[in-house]
Amino acid sequence: MCIFCVRGESSWCDFRIEVMKHLSPRQSWDLLQATSDAILIDIRMEVESLYVGRPPRAINIPWYEFPDFEADGAAFVLAVSREVTRKEQIVVLICRSGSRTLDAGEALVRAGFTNVVNVVNGFEGDLDADDHRSTVNGWRFEGLPWEQM
């Protein structure tokens with residue numbers, strides 16, 4: 001039983017779904033444009049953010065990094081805390097496909113952040129039939145602004 005679930009009925013829970021907001025890339029961009037103190041955190045590894053590209057003004061705070069690929073939730077929460085002025089501030093999280101952001105967002109919510117947003121489908125989106133990204137959905141697919149090193 002999960003103590004964070006509203007229904008309290010599962011160990012791999014709906015906590016992330018029930019507490020975090022889940023917005024499309026377009027909705028996330030619109031929210032960032034309409035809310036001056038909202039911040040966008042790119043949780044991909046630094047090399048992903050630099051070479052694959054990222055939305056403008058995104059702050060890179062990796063959920064995990066090469067070569068360990070092990071998340072440190074407490075370190076992540078601390079790094080995000082340094083970027084915000086208050087835990088009620090809107091924090092928009094983006095990763096490659098919208099998966100890592102679920103774990104990172106859960107860590108923030110458990111730490112008391114109240115306005116965490118997951119960018120559904122992330123920056124590159126899902127794989128297509130040929131195992132390519134950015135052709136089905138995601139930030140780049142939707143034609144939203146992005147920059148690359």
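The values are calculated or read from the model by the stated rules, or taken from the named source; none is laboratory data. Fair warning: this is a prediction, and the values are worked out from it, not measured in the lab. Positions of Cβ are generated from backbone atoms using ideal geometry, with glycine treated the same way; all protein chains shown enter the neighbour counts.
Observations, loosely collected:
- Scanning the range 106-115 for residues that are in contact with a helix residue (DSSP H, G or I) (Cβ under 9 Å, 6 or more places away or on another chain) and either surrounded by 15 or more Cβ atoms within 10 Å (Cβ to Cβ) or closer than 15 Å to residue 44 by Cα (or both) returns 106, 107, 108, 109, 111, 113.
- Residues of the range 21-72 that turn out to be out of contact with any Gly (no Cβ under 7 Å at 6 or more places or on another chain), part of a helix (DSSP H, G or I) and within 17 Å of residue 124 (Cβ to Cβ), as a count: 10
- Here residue 42 fits the description: surrounded by 15 or more Cβ atoms within 10 Å (Cβ to Cβ), acidic (Asp, Glu) and within 30 Å of residue 128 (Cβ to Cβ).
- Restricting the range 106-149 to residues that are assigned to a loop (DSSP other than H, G, I, E, B) and of a type in the set (A, V, I, L, M) leaves a set whose member that is modelled with the lowest pLDDT is 149.
- Some residue of the range 75-94 being free of Cβ contacts under 8 Å to residues at least 24 places away in the same chain and closer than 24 Å to residue 148 by Cα: yes
- Here the range 78-105 is the region considered, the condition is being of a type in the set (Val, Ile, Thr) and in a helix (DSSP H, G or I), and the residue that is nearest to residue 38 (Cα to Cα) is 80.
- Single residue of the range 116-149 satisfying the filter (on the phi > 0 side of the Ramachandran plot and over 15 Å from the mean Cα position of the chain (by Cα)) that is surrounded by the fewest Cβ atoms within 10 Å (Cβ to Cβ): 131
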